[in-house]
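Reading through the structure tokens given below for one structure.
Read the figures in this text as sums done on the coordinates, not as results from a lab. Values in this document were obtained by computation on a predicted structure and should not be read as measured data. With ideal geometry, Cβ positions are generated from the backbone for all residues, glycine too; neighbour counts draw on all protein chains shown.
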2 protein chains.
Amino acid sequence: MEPLLCFPDPLPAELALALERAGYPWKAVARVEHADADEPEDGWSGAVVCATGDAQAAFALSRALRAREVPLRPVLLVIDTAHLAELELREDHFDDFVVLPAHPDEIGARLAHLFWRTGRGLRPELIEHGPLVLNLETYQAAVAGRVLDLTYMEYELLRFLAARPGKVFTRETLLSRVWGYEYYGGARTVDVHVRRLRAKMGEEHAHLIETVRSVGYRFGQGGWAP
Amino acid sequence: MEPLLCFPDPLPAELALALERAGYPWKAVARVEHADADEPEDGWSGAVVCATGDAQAAFALSRALRAREVPLRPVLLVIDTAHLAELELREDHFDDFVVLPAHPDEIGARLAHLFWRTGRGLRPELIEHGPLVLNLETYQAAVAGRVLDLTYMEYELLRFLAARPGKVFTRETLLSRVWGYEYYGGARTVDVHVRRLRAKMGEEHAHLIETVRSVGYRFGQGGWAP
DNA sequence: CGGTGTGTAAACGGCGTGTGAACCCGTCAA
DNA sequence: TTGACGGGTTCACACGCCGTTTACACACCG
């Protein structure tokens with residue numbers, strides 16, 4: 001079995017112990033960039049990302065793993081209770097999570113369940129809303145059957161919005177969750193990317209992304225969600 | 001939202017608290033057979049099966065739920081560390097599990113992640129009073145099922161009033177709390193916005209915002225049962 | 001060096017918003 | 001009964017915010 005990608009290096013003893021005990025091979029990386037550099041020839045079998053230390057880096061890593069051409073699965077996020085709220089709006093960056101402190105066997109059980117699930121291919125790889133279809137595997141988007149030639153950031157933005165149809169997001173939220181850094185000057189950046197997306201979707205589907213004046217943007221005219 | 005099927009009855013206090021806190025409606029059943037008998041017309045939205053008591057019955061229930069013609073999803077299994085090993089070979093009977101004791105928010109986070117995975121999204125945050133429904137996520141308002149096209153300030157004002165039904169607010173208070181600045185000239189501003197709101201709600205629902213002469217405005221009538 | 005992807009600056013335009021004034025209506029005193 | 005008065009409602013209009021749009025600068029990669 002290929003090793004699990006683990007972060008950070010050194011791995012907290014509690015985690016290392018649990019992995020040994022469950023019998024999973026693993027390899028810890030100290031920095032986000034090493035996830036690619038240290039990757040074995042046959043790839044990682046999955047990832048265990050621990051956010052109890054540098055949460056910022058951990059979230060960045062899990063996001064990067066899912067932004068790959070073929071997203072890495074499964075990703076198990078390790079957090080403490082203080083970070084429970086951070087999970088919101090990051091649902092697509094991990095497949096399961098575990099809250100420390102935890103019984104070593106719990107981590108083993110979660111990994112077992114994850115591998116069982118991914119083996120069955122239970123994961124939905126499509127996001128479909130109205131005429132829009134996003135293929136999470138191939139990184140492609142299509143509207144009314146026509147494939148869109150989206151750039152990286154355009155795809156990321158569209159995927160984020162379409163994964164939560166109806167919900168309104170401020171530019172600040174989009175900047176921090178899609179771009180991944182804190183608000184840092186240009187809120188106009190979001191506007192321009194929305195405009196480019198609308199242009200590529202075509203006149204007749206531009207309304208799929210709606211403007212909520214003085215607030216932000218949302219995907220889909222929220223046909224009333226009760 | 002349809003209630004979650006919960007087992008057993010009564011539910012452990014720790015679980016009941018977590019469900020309330022996360023805002024999920026739920027209904028506990030005492031025996032396995034009741035899962036069918038007590039099922040609401042629109043079905044269960046999922047299940048939370050607790051195995052800390054009668055583990056035998058709990059596992060039987062989760063298996064029965066998945067053996068249905070249309071298997072019930074998601075199923076969240078609640079266990080203690082003693083039952084971790086029992087999960088093996090039961091992988092297909094549940095979608096996720098939680099080990100007690102756990103932080104109440106962990107249970108909420110797991111449910112949120114499960115509902116996101118199964119494509120139903122989170123339950124929207126709603127303010128509901130009589131015929132009026134405010135969706136805080138989509139920035140939408142509806143009266144008697146009809147969606148209102150409100151502007152930003154109209155929505156903010158209505159949300160402020162509807163969040164505290166029955167309570168009367170002076171124009172000065174509204175200006176400072178909704179608009180955010182100190183009283184600074186125009187109290188007429190509030191009147192005009194109230195009028196626009198009443199107009200958009202329609203003749204038959206205009207009374208939802210009441211005028212309290214010489215004082216201010218309030219949402220809903222004072223004679224309301226809290 | 002050309003091409004593409006991405007972020008920033010600036011001009012434009014629509015409409016949300018605040019304001020003043022006219023209108024309406026209940027209350028109260030003469 | 002009537003006129004004055006206080007306060008709420010309604011209307012119309014102009015200002016300015018905010019999103020759109022266009023153009024450009026820069027980084028990255030072949």
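Results, tabulated for the structure shown:
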| quantity | calculated |
| --- | --- |
| Other protein chain Cβ atoms within 10 Å, averaged over every residue that makes up B:132-140 | 6 |
| Partner lysines for residue B:167 [C-alpha distance under 26 Å; skip if fewer than 8 residues away on the same chain] | B:200 |
| Top of B:180, B:166, B:216 by mean-square fluctuation, Gaussian network on chain B, Cα under 10 Å | B:180 |
| Which of A:62, A:176, A:214, B:214 has the fewest Cβ neighbours within 10 Å, and the rest in rising order | B:214, A:214, A:176, A:62 |
| Cβ-defined net charge surrounding residue B:18, 9 Å radius [Lys, Arg +1; Asp, Glu -1] | -3 |
| Exercise: per-residue mean of other protein chain Cβ atoms within 10 Å, A:76-86 | 2 |
| Pairwise FRET efficiency - residue A:57 versus residue B:63, Cβ, R0 = 35 Å, nearest 0.05 | 0.25 |
| Gained length - residue B:13 relative to residue B:167, 0.36 nm times residue gap less alpha-carbon distance | 52.1 nm |
| Gaussian network model of chain B, Cα within-10 Å springs - most flexible of B:48, B:212, B:190 | B:212 |
| The protein assembly as shown, helix-only ellipticity at 222 nm - DSSP H runs n ≥ 4, -39,500 (n - 2.57), divided by all residues, nearest 500 | -9000 deg cm²/dmol |
| Extension reserve of the residue B:212-residue B:144 stretch, reckoned as 0.36 nm per residue once the Cα distance is removed | 22.0 nm |
| Cleavage-rule hits (chymotrypsin sites (Phe, Trp or Tyr not before Pro)) in region A:154-221: DSSP loop, at most 11 neighbouring Cβ within 10 angstrom | A:181, A:184 |
| Over chain B, volume per residue of the alpha carbon convex hull, in Å³ | 159 Å³ |
| Loop GluC sites (Glu not before Pro), region B:1-93 (other Cβ atoms within 10 Å of the site Cβ: 11 or fewer; DSSP) | B:33, B:41, B:69 |
| Top of B:171, B:198, B:188 by mean-square fluctuation, Gaussian network on chain B, Cα under 10 Å | B:188 |
| Cβ-derived FRET efficiency at R0 45 Å, residue A:41 paired with residue B:125, nearest 0.05 | 0.40 |
| Average Cα contact separation per residue, chain B, under 8 Å, 6 or more apart, as relative contact order % | 12 percent |
| Copy-to-copy label separations for residue B:71, where each label sits 7 Å from Cα toward Cβ, in nm and ascending | 2.1 |
| Test item: A:94-100 mean partner chain Cβ contacts at 10 Å | 3 |
